[in-house]
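The values are calculated or read from the model by the stated rules, or taken from the named source; none is laboratory data. Worth saying up front: this structure is predicted, and the values here are computed from it rather than measured. FYI the Cβ positions are ideal-geometry reconstructions off the backbone, even for glycines, and counts take in every protein chain you see. SASA here: full protein model, heavy atoms, side chains in, ligands and nucleic acids out. Shrake-Rupley method; radii C 1.70, N 1.55, O 1.52, S 1.80 Å.
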Amino acid sequence: MSSLRRHLPCLICCFFFFFLLHGGRRAGAAAGKVPAIIVFVARSNFWPYGRDYANGIATGRFSNGRLATEFISEAFGLPPSIPAYLDAKCTIDQLATGVSFASAATGLDNATAGVLSVITLSEQLAYFKEYTERLRSSKGEAAAKEIIGEALYIWSIGTNDFIENYYNLPERRMQYTVGEYEAYLLGLAEAAIRRVHALGGRKMDFTGLTPMGCLPAERIGNRGDPGECNEEYNAVARTFNAKLQGLVAKLNKDLPGLQLVFADTYQLLADVVKRPADYGFDNAVQGCCGTGLFEAGYFCSFTTSMLCSNANKYVFFDAIHPTEKMYKLLADNVINTTLHVFM
């Protein structure tokens, strides 16, 4: 296990966002009536992140360019840049067409957010509730109800709870077996979904865990088989995903009007890591930044002299986060999962 892990954000730390499904359709777009997107994702605002984004400016994205959420936004005919909810310069009218509640390294478990003192999921949901109240004040009760009720909510959260918290710190391992911790996280996921449902959300997609044992940082920290995927971690991701699918079925029965689907991103990334050339990649073992084995976050900014020249050849930009090209593949996977259900 890498001693640096506690300083690193995670592959897809947490995002919870929704598309508002009551506007016009863009000709040729992958989807239809979607005038806004709301996002909960990790952010990073220093070089080399954003190197291949607009004008090469670091804009808070843990990648060389755009994130999965932004490709999804574009597919629904929305702007590719999403303002932050806590940006005092943004008006509610601007936020009504897209908003980010970003916080790196958080998880379902509040203790995970405590590792790096970031915003908890509970706090993000409180901001979301505040946002719905601001929508009512600005747009009126009827319009706000339509926006919230017709939105598509997409959740992707949980990886940090295992690699930043459970496997990195002793407290949760002393309290729970892996199976018990999975059950604990699923209870937190259920509570979060129920909260959004109580606030009017109905159409939701919960994205499962990726093969977290194949992140470059986890490969280098794999004591049992250095340099190879940590299959223990991958097995946990698979079992958690299976249990999450059971939760999806349960909540669809329990909550009136809920349409909740499960998006599997595990198999896609596993296939890319196993056969990168089939997807146009040269390297799925190292990141583009530094040695590609452990650098992420500020560690990447210290090693810019070793930055790769073409990030499109890499699955990962740093030792944790995908490149823009890989994020595009993940976004397409989520879009394909949701379109046939909600459109």
**Complete:** Whole-percent carbon and sulfur contribution to the accessible surface of segment 160-307 (1.4 Å, no ligands, DNA or RNA) stands at 55 percent
**Request:** Compute from the Cα atoms of segment 259-307 the Rg and the Dmax, the latter being the longest Cα-Cα distance, and quote both in angstrom.
**Result:** 14.8, 48
**Prompt:** For residue 261, which sequence-distant residues (separation of 5 or more, or a different chain) have an amide H within less than 5 Å of its own amide H, given hydrogens modelled in the peptide plane?
**Reply:** 204, 205, 206
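For segment 180-300, with every protein chain kept in place, what is the accessible area per residue (1.4 Å probe, Å²)? Before the final figure, lay out each step's value.
Numbers: 4800 Å² over 121 residues.
Averaged over the residues of segment 180-300, the accessible area is 40 Å².
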**Request:** In whole Hz, with x marking every Gly and Pro, tabulate ³J(HN,Hα) for segment 112-127 from phi via Karplus 6.51 cos²θ - 1.76 cosθ + 1.60, θ = phi - 60°.
**Result:** 5, 4, x, 4, 10, 6, 10, 5, 6, 4, 4, 5, 5, 5, 5, 5
**Fill in**
Long-range amide H partners of residue 321, meaning residues 5 or more apart or on another chain whose placed amide H is closer than 5 Å, are none
**Request:** Assuming 1.002 mPa s and 20 °C, estimate D for segment 116-224 with Stokes-Einstein, Rh taken as the Kirkwood radius over Cα pairs, in µm²/s.
**Result:** 131 µm²/s
**Asked** When the scattering of segment 200-301 is computed by the Debye formula from its Cα atoms alone, each counted once and equally, what is log10 I(q)/I(0) at q = 0.11 Å⁻¹?
**Response** -0.46
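Could you order 231, 130, 190 by accessible surface area, starting with the largest, using a probe radius of 1.4 Å? Provide the component values of the computation, followed by the final result.
Numbers: 231 105, 130 80, 190 40 Å².
Result, largest first: 231, 130, 190.
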**Complete:** Here the relative contact order (percent) of segment 91-203, from C-alpha pairs under 8 Å and at least 6 apart, is 32 percent
**Message:** Can you order the peptides 312-318, 156-162, 116-122 by their average number of other Cβ atoms within 10 Å per residue, highest first?
**Reply:** 156-162, 312-318, 116-122
**Message:** Could you derive backbone 3J(HN,Hα) for segment 85-90 from the dihedral phi with the Karplus parameters 6.51, -1.76 and 1.60 (θ = phi - 60°), listing whole Hz in sequence and x where the residue is Gly or Pro?
**Reply:** 4, 8, 7, 5, 7, 8
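If the chain between residue 129 and residue 143 were fully stretched, how many nm would it gain, using 0.36 nm times the residue separation less the Cα-Cα distance?
On the way: separation 14, 0.36 × 14 = 5.04 nm, distance 1.58 nm.
Length gained, residue 129 through residue 143: 3.5 nm.
So, R0 is 22 Å and r is the distance between the beta-carbons of residue 235 and residue 176; what FRET efficiency does that work out to, to 0.05?
Values: r = 17 Å, r/R0 = 0.75.
Efficiency, from the Cβ-Cβ distance: 0.85.
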**Request:** Step through the residues of segment 201-211 one at a time and calculate ³J(HN,Hα) from phi using the Karplus curve (6.51 cos²θ - 1.76 cosθ + 1.60, θ = phi - 60°), rounding each to whole Hz and writing x for Gly and Pro.
**Result:** x, 10, 9, 9, 10, 10, 7, x, 6, 8, x
